[in-house]
Amino acid sequence: MSFPKGFLWGGATAANQYEGGYLSGGKGLAVADTLTGGDGIHGIPRKFIVEMPDGTRREIGNRDEVPAGAKAIVDPDTYYPSHEATDFYHHWKEDIALFAEMGCNVYRLSINWTRIFPNGDDETPNEEGLQFYEDVFKECHKYGIEPLVTIYHFDMPLHLANEYDGMVSRHTLEAFKRYVEVIFKRYKGLVHYWLTINEININTNFMMNGVHEHISNKQNAEQCRWHLFVASAYAVKIGHEIDPTNKIGLMIAHGASYPYSCNPEDVWAELTGAHDQKWFYGDVLVRGYYPAWKVKALERAGITIQKEEGEDELLKEGVVDFYSFSYYSSQVFAAHPEEHGVSEGNQTMGVKNPYLKASEWGWTVDPLGLRINLNQIWDRYQIPMMVVENGLGAIDKVEADGSIHDDYRINYMRDHIKVMKDAVEIDGVDLMGYTPWGHIDLVSAGTGEMRKRYGFIYVDRDDEGNGNFARSKKDSFFYMQKVYKSNGEDLD
Ligand code: BG6
């Protein structure tokens with residue numbers, strides 16, 4: 001037997017892509033609520049409609065920089081896919097029953113900060129929001145499902161983004177601290193597994209997370225990173241204080257990375273690229289301090305991070321219990337990337353890998369890369385790991401009888417679970433769980449599309465907002481059920 005007894009098998013979602021009910025139950029607006037749909041295949045970006053300080057309106061792409069002072073707004077004439085998303089808000093009982101039927105013993109979901117504090121920095125929390133998640137967690141436990149809760153998953157309160165530039169400001173950090181304290185206290189005994197900040201390594205790259213000038217203003221970006229690290233460390237520390245049985249992990253977008261060739265210059269490009277994009281974040285959150293190369297880089301750039309007394313120590317006190325990451329694809333670094341074609345990926349780009357095929361959205365499919373990752377992370381940190389996102393975004397066809405034959409997704413899942421099994425059985429890594437992404441269809445974070453589906457459970461909803469939210473099981477549902485119920489032994 002390879003996967004240990006009690007291995008956590010489940011699925012993963014995020015509030016802003018799944019819940020809908022964007023103003024229900026006293027919820028306030030998050031930046032994600034102001035992000036429109038897009039089209040990843042034809043390259044039409046998601047955008048924000050913003051109001052400039054002089055009152056004029058502009059449209060700004062998700063990957064672009066939003067000028068300081070611009071405020072994102074909800075435009076009544078624009079369609080926002082996340083406003084209803086796939087409506088967990090009104091289907092949670094039905095959905096949790098389906099997760100249980102699939103064999104899940106864990107369910108990763110995020111708490112939407114703006115359900116608890118509608119503006120992010122309100123005096124008192126919103127009881128209706130707190131009760132909503134309490135009911136959800138209790139329902140999970142009815143079926144023996146452990147909730148795995150992401151504290152912050154791309155849903156910066158709009159008020160904090162517009163007025164305080166998100167996590168660039170200490171005001172937002174202080175508001176976050178109050179939010180985490182409230183949820184740790186309220187859900188004590190109901191939630192034992194937590195993740196602090198989703199994909200902390202890409203958080204500063206997008207306005208979605210509230211930072212306006214994040215590309216041109218390096219001081220802003222680094223200050224924001226510091227606040228995110230302090231926020232994460234605070235959550236771990238207070239979470240342990242409130243309930244010492246809490247297990248709290250980080251969350252990093254951690255694709256595998258390779259040098260383009262054995263030319264030492266390509267190898268160096270990979271080493272520095274991976275340092276910058278992944279290991280920096282892991283090192284800080286697992287070890288509790290900035291690596292030397294980063295300290296030197298900040299000095300050379302003339303960037304001085306504004307720290308409060310005790311924060312260096314807090315980073316050490318708030319190191320995580322386990323290393324959890326999203327894995328979709330791998331990335332290739334080259335010393336001269338312009339000589340090779342560009343490849344898409346989970347918020348990251350690299351040069352094309354001639355050995356690998358890619359999804360319809362251009363993300364390379366690389367199961368072995370996951371085994372490489374698990375080995376590298378285990379070698380480096382020696383703490384338990386969890387794969388908290390993995391999956392294939394694809395267009396599904398509903399047959400006349402309502403069935404969905406998603407063999408492509410089954411193949412992807414089988415290949416990735418097989419390498420996890422090898423990593424546990426042969427390489428001896430300590431892997432504690434697996435929560436594939438979007439095990440029920442939801443809105444894509446990168447493109448805002450519905451047709452980019454990851455689910456084993458189909459939801460009747462399209463890119464124009466048509467559909468009645470009916471749930472149905474794809475072929476992959478039955479495959480995953482077989483895998484989960486056999487504790488990962490039956491993979492054929
Ligand atoms: C990760 C995020 O980046 O990848 C999720 O944590 C996201 O929120 C997932 O949905 C897949 O990306 P996309 O762009 O296909 O939705």
Task: Charged-residue dipole, Cβ positions (Lys, Arg, Asp, Glu), the chain about Cα centre, Debye nearest 20 - done: 780
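Using only C-alpha atoms and all pairs of different ones, pull out the Kirkwood radius for the chain in Å with one decimal.
On the way: mean 1/r = 0.0440 Å⁻¹.
It works out to 22.7 Å.
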Open item on the list: At a threshold of 8 angstrom on Cα-Cα distance, excluding pairs fewer than six apart, so keeping six or more, what relative contact order does the stretch 251-397 reach in percent?
Closed with: 29
TODO: Choose one of 105, 204, 445: the residue whose Cα lies farthest towards the positive end of the charge dipole of the chain (beta-carbon charges +1 Lys, Arg; -1 Asp, Glu; about the Cα centre).
DONE: 105
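Only four residue types carry charge here, +1 at the Cβ of Lys and Arg and -1 at the Cβ of Asp and Glu. Report the dipole size of the stretch 3-138 about the Cα centre in Debye, rounded to the nearest 20. Please report the intermediate quantities before stating the final value.
Details: 12 positive and 22 negative charges, 104 e Å.
Dipole about the Cα centre, nearest 20: 500 debye.
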TODO: Read phi for every residue in the stretch 306-318 and hand back ³J(HN,Hα) as whole Hz from Karplus 6.51 cos²θ - 1.76 cosθ + 1.60, θ = phi - 60°, with x for Gly and Pro.
DONE: 7, 10, 9, 4, x, 6, 4, 5, 4, 4, 6, 6, x
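Going by the alpha-carbon gyration tensor, a ≥ b ≥ c the square roots of its eigenvalues, is the stretch 137-268 rounded (a/c under 1.5) or, if a/c is not under 1.5, prolate (a/b greater than b/c) versus oblate?
Working: a/c = 2.35, a/b = 1.34, b/c = 1.75.
Since a/c reaches 1.5 but b/c is at least a/b, the shape of the stretch 137-268 is classed as oblate.
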Task: Given charges at Cβ of Lys, Arg, Asp, Glu: the chain dipole, positive-most of 8, 361, 301 - done: 8
TODO: Just rank 476, 257, 169, fewest to most, by other beta-carbon atoms within 10 angstrom.
DONE: 169, 257, 476
Open item on the list: Given N residues in the stretch 444-492, what is its alpha carbon radius of gyration divided by 2.2 N^0.38 Å?
Closed with: 1.43
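Which of the pairs 71/307; 188/247; 185/237; 177/237; 247/316; 218/352 have their Cα atoms more than 21 Å apart in this structure?
Numbers: 71/307 27 Å; 188/247 12 Å; 185/237 13 Å; 177/237 11 Å; 247/316 16 Å; 218/352 28 Å.
Beyond 21 Å: 71/307; 218/352.
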- [ ] With a 10 Å radius around each residue's Cβ, average the other Cβ atoms per peptide and rank 375-386, 313-324, highest first.
- [x] 313-324, 375-386
Open item on the list: With θ taken as phi - 60° and the coefficients 6.51, -1.76 and 1.60, list the Karplus ³J(HN,Hα) couplings across the stretch 370-381 in order, rounded to whole Hz; mark glycine and proline as x.
Closed with: 5, 5, 4, 4, 4, 5, 5, 5, 4, 4, 7, 10
Task: Residues whose placed amide H lies under 5 Å from that of residue 148, excluding near-sequence neighbours - done: 107, 108, 109
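Could you check what % of the DSSP bridge pairs in the chain are antiparallel, to the nearest 5? Before the final figure, lay out each step's value.
Details: 18 of 53 bridges.
Counting only bridges with both partners in the chain, antiparallel ones make up about 35 percent.
Taking only C-alpha pairs under 8 Å that are 6+ residues apart, what is the relative contact order of the chain in percent? Before the final figure, lay out the partial values.
Working: 1056 pairs, mean separation 86.6, N = 492.
With pairs under 8 Å counted, the relative contact order is 18 percent.
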Open item on the list: Please list, by residue number, every one of the GluC sites (Glu not before Pro) in the stretch 48-149 that is coil in DSSP and has at most 10 other beta-carbon atoms within 10 Å.
Closed with: 123
Task: Helix-only [θ]222 nm of the chain, DSSP H runs n ≥ 4, -39500 (n - 2.57) each, per residue, nearest 500 - done: -10500 deg cm²/dmol
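FYI, it's all coordinate maths here, none of it is from the lab. On a predicted model such as this, the values are computed, not experimentally measured, just so you know. When we count neighbours, we look across all protein chains shown, and the Cβ atoms used for this are built from the backbone with ideal geometry, even at glycine.
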